[in-house]
1. If I model a spin label at residue 38 and residue 150 as a point 7 Å from the Cα along the Cα→Cβ vector, what separation in nanometres do I get?
2. For the pair residue 143/residue 98, report the inter-label distance in nm, with labels modelled 7 Å from Cα in the Cβ direction.
3. For a paramagnetic label modelled at 7 Å from the Cα of residue 167 toward its Cβ, which residues of the range 55-97 fall within the zone defined by backbone nitrogen distances under 13 Å?
4. Please give the residues of the range 159-179, grouped as numeric ranges, whose backbone N is less than 17 Å from a label point set 7 Å along the Cα-to-Cβ vector of residue 197.
5. Pairs of Cα atoms under 8 Å, at least six residues apart: use those to get the relative contact order of the range 2-233, whole percent.
6. Roughly what would the spin-label model give for residue 119 and residue 134, points 7 Å off Cα along C-beta, in nm?
7. Just to verify a number: FRET efficiency for residue 73 and residue 110, C-beta to C-beta distance, R0 = 35 Å, to 0.05?
8. Going out from 0 in 10 Å bins, what whole percent of all Cα-Cα distances in the range 75-116 drops into each bin?
Amino acid sequence: MFGFKKELEENYEYVVAKEKPFSYTTECIQKVIANMEMTNVDQKNKIIQFTSSLSGEGKTTIISNIAYLMSRKNKKVIVVDLDLRKPKMQRVFDVPNRHGLTDYLKGNITQDEMIRHSLSHGVDYILTGEQTNAIINVLESQKLKDLISTLRLAYDYILIDSPPVIAVSDPLYISRLVDGILFCVADKRASKPLVKEAVQTVQRANSNILGMLMTRSIVMEKGYRYRYEYVYNYGKIST
Ligand SMILES: Nc1ncnc2c1ncn2[C@@H]1O[C@H](COP(=O)(O)OP(=O)(O)OP(=O)(O)O)[C@@H](O)[C@H]1O
Ligand SMILES: [Mg+2]
């Protein structure tokens, strides 16, 4: 089973919903979107942060898939990469990490130059731009808050990629900019106590966790093949 899992990972495409529109994974992500829409009927949960306990729990993957599928439903979506330590959104869109947020905040480019559009995915996105050590200054800057307010008016959904909770405090600063958080938990990665600690850390910061996303779980289907799925658990988080 382990070998099979490894094989799947190596062949994995970030936007599986685009590559395999009729797959079970795509179906699961559609359910995630349906739940997100239900929590956003009055437009109060449109700026959503994705985080997790540890790195590699599938945040960037799920965001890019959700963004792609939402855009197929004619939603206006923008993905904002606020993982300033390990930015990966440029890989999803297959572009260099240039003309991003930090370049905009420094005044080197305009807002229009920073907001890019992927024709193949149908979504707008903002990359992190040139690497900086002043990460907390960036996340606390008034210019970033103003940018998010502008995006709120222009988009149906603003999906924000962020680092994991256990390693750094960045996600807590990011949580002040958003309406709600979707917390990714990869199957058999972080231990239960660790997930509990991470969720409590977020809750202590008075952040609004909208739901948990179980990612990268291998389920058995007809014919005894294994596959990954996403499970969305909306509601009260018990820790
Ligand atoms: N549903 C899935 N099925 C198979 N592989 C997956 C799935 N989700 C993520 N992966 C793989 O897991 C790895 C980590 O995923 P991803 O980069 O999305 O995680 P992350 O939480 O954004 O990581 P980081 O914290 O390092 O930014 C990637 O190699 C990706 O291809
Ligand atoms: Mg990531």
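1. So the two model labels end up 3.6 nm from each other.
2. About 2.0 nm, to one decimal.
3. 55-60, 83-88
4. 164-172, by backbone N distance to the label point.
5. Numbers: 396 pairs, mean separation 60.1, N = 232.
It comes to 26 percent, rounded to a whole number.
6. Going from the residue 119 label point to the residue 134 one covers 3.7 nm.
7. Rounded to the nearest 0.05, the efficiency is 0.75.
8. P(r) over the range 75-116, rounded to whole percents: 27, 57, 16, 0.
Values in this text are rule-based calculations from the coordinates and carry no lab data. Bear in mind the structure is a predicted one, so any value in this text is a computation, not a measurement. Cβ: placed from backbone, ideal geometry, glycine included. Neighbour counts: every protein chain shown.
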